[in-house]
Amino acid sequence: MLNEKLRPIIEPFTTGTGRVLARAKISPNGLTTMGLAAMVFCSWLIVDGRPLLAGLLLIPAFLIDVFDGALARATGRVTKWGSYFDSVSDRIADGVLFGAFVWVARAETRLLAAALLALVITLLVPYARAKAEALGFTAASGLGERAERAVVICAGLILGYEEAALWIISALTLFTFVGRSLSVRRQASAG
């Protein structure tokens, strides 16, 4: 939802950034790889007990995920492989990030539950969309997409409310998953 609302506003900025990156001779898949590496590093910072630094560094890490597509469009290198690689990298990044919380929370039951729930439901949101589209339906909206999760997790880390952020992400992604499932159910019943 946030992605849909912000895309028209930030598209001139992302397009310009894509052009600048194109001049720097960075490949879109290389940028995706750098973004994934940044997410892994931020996850390590969480495990290492530095959540504030992780939250601050996650902001540019999430932005890289916005710019790799803009770079692909700017260089005319939009490919199915690139789209696949970007999506799979996002899922790996989500798993590593929430896995860091699981590791940190292994002795704290509530935080562990929040981290595991956020991890599982977060993985369902893009899967529900992909499966719906593979079946010829649409399921692309909701409050728990990657942009919203990025804002909540960065804010939670920076402000010291990691557990609250994980519960909020769990709620938003559950709401999104249920909404997408009901939408597909309606479309399937109508067709």
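FYI, it's all coordinate maths here, none of it is from the lab. Being a predicted model, the structure only gives us computed values, none of them experimental. Cβ coordinates were reconstructed from backbone atoms using ideal geometry, including for glycine residues, and neighbour counts include every protein chain displayed.
Structure summary
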{"item": "Gap separating the Cα centres of the stretch 123-191 and the stretch 39-73, nearest whole Å", "result": "20 Å"}
{"item": "Simple spin-label estimate for Leu56 and Arg106 in nanometres, 7 Å along Cα-Cβ", "result": "2.8 nm"}
{"item": "Peptides ranked, highest mean first, by Cβ atoms within 10 Å: ranges 8-17, 112-121", "result": "112-121, 8-17"}
{"item": "Potential extension, Ala134-Ser83 segment - 0.36 nm per residue separation minus Cα distance", "result": "16.9 nm"}
{"item": "Cut-off 19 Å (backbone N to label point 7 Å along Cα→Cβ of Ala155), residues of the stretch 39-79", "result": "51-63"}
{"item": "Computed FRET value (nearest 0.05) for Ile10 with Ala164, which takes r as the C-beta separation and R₀ as 30 Å", "result": "0.65"}
{"item": "FRET E, pair Ala188, Ile92, Förster distance 30 Å, beta-carbon r, rounded to 0.05", "result": "0.50"}
{"item": "Helical mean residue ellipticity (222 nm; -39500 (n - 2.57) per DSSP H run of 4+; nearest 500) of the chain", "result": "-29500 deg cm²/dmol"}
{"item": "Once the Cα gyration tensor of the stretch 2-190 is diagonalised, semi-axes √(5λ) in Å", "result": "26, 24, 14"}
